[in-house]
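Notes follow the structure.
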Amino acid sequence: ILTAIMCEAMNRNIVEVIFGGAPAPKADPNAPAVDLGVHTETSITEAAQTLVGAKSVIICPGYGLAVAKAQHLVAAMTAELKSRR
């Protein structure tokens with residue numbers, strides 16, 4: 001049921017999601033490169049320090065979190081952050 005709801009919200013076909021998603025669009029090998037903006041990499045330690053130092057944190061769980069079965073990890077992280085208030 002959750003998958004169907006998420007597919008509807010993402011305007012995706014449930015069959016495509018379950019069986020491998022939509023095919024990737026074909027790239028034009030002659031197209032000029034496009035600057036997609038700034039990319040900043042971080043480490044787990046830096047991310048943890050940022051979360052601990054933040055005034056507030058908004059967590060938006062989505063389909064990927066459910067697929068990864070990581071809800072308990074987010075719950076544990078949330079409990080840890082709340083305990084540091």
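Solvent-accessible area of the chain (1.4 angstrom probe, protein heavy atoms only): carbon and sulfur portion equals 61 percent. Per residue, the accessible area of the chain comes to 91 Å² when a 1.4 Å probe rolls over the protein heavy atoms.
The values are calculated or read from the model by the stated rules, or taken from the named source; none is laboratory data. Please read all numbers here as calculations on a predicted model, not as lab measurements. Only protein heavy atoms, including side chains, enter the accessible area calculation; ligands, DNA and RNA are left aside. Shrake-Rupley method; radii C 1.70, N 1.55, O 1.52, S 1.80 Å.
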